[in-house]
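Colleague: The structure follows.
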Amino acid sequence: MIQEAPLPHRHASLSALRWRMRRGFLNAKRLDYEASVLASVYGAVRLGEDLELTGLLREVGLGEDAISALRFRQNGSEYSVILPTERTWKQARLKDRAFGVGLRESAVGRSVLIVPPAEVRLQPRLRNAKRIYHTKMVPACGDMETLIACINAWGDGASLIDCEAALAGPHPRNRVFGLVYGGHFAMDLMVGITDQSVVRLRHPHPNGCWETLGWRPVHAV
């Protein structure tokens, strides 16, 4: 008995599906990385993938090619951050599923944020965060006290170049970035980083870095 060959368009459809899933997976992983860099520079600590939330999202048809969920610690509290890809965010039925999961988890007391991809990739903020993250160095002993004294001498904040001049030894800018990454100091990342960028003491906020980033809890959306 001669077996009927599969139709050519079926192979094409499967190939297109695999490619779309592969591209979605890569987009989700890139968004995961970008959100992690951004949140960490603003003072949050990445705890890894939120496996429980990831499982709930899969149950409603949102797999690793459509969305990811991360866990962060900020100001002593833990938060779950749901990150839909661009394709998921633009499709109302998929976005509604993500919000449905987030709302149910929020109702039982979990702190859940759903972040539009555009809020993660806002420029020049993300570019500046990547620069700090990838060029930071561990500060030398006494760097933090020296920088605090420098900032106090200038009032509310000191320019990046003045902060560098206050630090003895090699790679002062990278060490300043290390202190910013460590959560001790803050910079305005909504404008490009220059010698005149102002470095300030980071003051704790009740809502942590999320309000600064504009990442709202799901129940407030």
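Colleague: For region 174-214, give me each residue that is among the polar types (S, T, N, Q), out of contact with any strand residue (DSSP E or B) (no Cβ under 6 Å at 6 or more places or on another chain) and open to solvent by 80 Å² or more (accessible area, probe 1.4 Å).
Modeller: Across region 174-214, the qualifying residue is only Thr212.
Rundown of residues vs (1) under 22 Å from the mean Cα position of the chain (by Cα); (2) farther than 21 Å from Val120 by Cα, yes/no style:
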| residue | (1), (2) |
| --- | --- |
| Gly155 | no, yes |
| His171 | no, yes |
| Val176 | yes, yes |
| Asp188 | yes, no |
| Val191 | yes, no |
| Gln196 | no, yes |
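Colleague: Quick check on this structure: which one of Leu201, Leu147 is on the phi < 0 side of the Ramachandran plot, at pLDDT below 95 and out of contact with any Ser or Thr (no Cβ under 7 Å at 6 or more places or on another chain)?
Modeller: Leu201
Colleague: Taking region 44-56 as the region of interest, how many residues are surrounded by 14 or more Cβ atoms within 10 Å (Cβ to Cβ) and over 20 Å from Ser106 (Cβ atoms)?
Modeller: Looking only at that region, the number is 1.
Colleague: State all residues of region 26-48 that are closer than 29 Å to Phe185 by Cβ and either assigned to a helix (DSSP H, G or I) or among the acidic types (Asp, Glu) (or both); if no residue qualifies, say none.
Modeller: Of everything in region 26-48, those that are closer than 29 Å to Phe185 by Cβ and either assigned to a helix (DSSP H, G or I) or among the acidic types (Asp, Glu) (or both) turn out to be Arg30, Leu31, Asp32, Tyr33, Glu34, Ala35, Ser36, Val37, Leu38, Ala39, Ser40, Val41.
Colleague: Can you find a residue that is among the hydroxyl-bearing types (Ser, Thr, Tyr), assigned to a strand (DSSP E or B) and in contact with a helix residue (DSSP H, G or I) (Cβ under 9 Å, 6 or more places away or on another chain) anywhere in region 178-188?
Modeller: No, there is no match, as no residue in region 178-188 is among the hydroxyl-bearing types (Ser, Thr, Tyr), assigned to a strand (DSSP E or B) and in contact with a helix residue (DSSP H, G or I) (Cβ under 9 Å, 6 or more places away or on another chain).
The values are calculated or read from the model by the stated rules, or taken from the named source; none is laboratory data. None of the values given here were measured: they were computed from a predicted structure. For neighbour counting, all protein chains shown are included, and Cβ atoms are generated from backbone atoms with ideal geometry for every residue, glycine included. Ligands, DNA and RNA are excluded from the accessible area calculation, which covers all protein heavy atoms including side chains. Shrake-Rupley method; radii C 1.70, N 1.55, O 1.52, S 1.80 Å.
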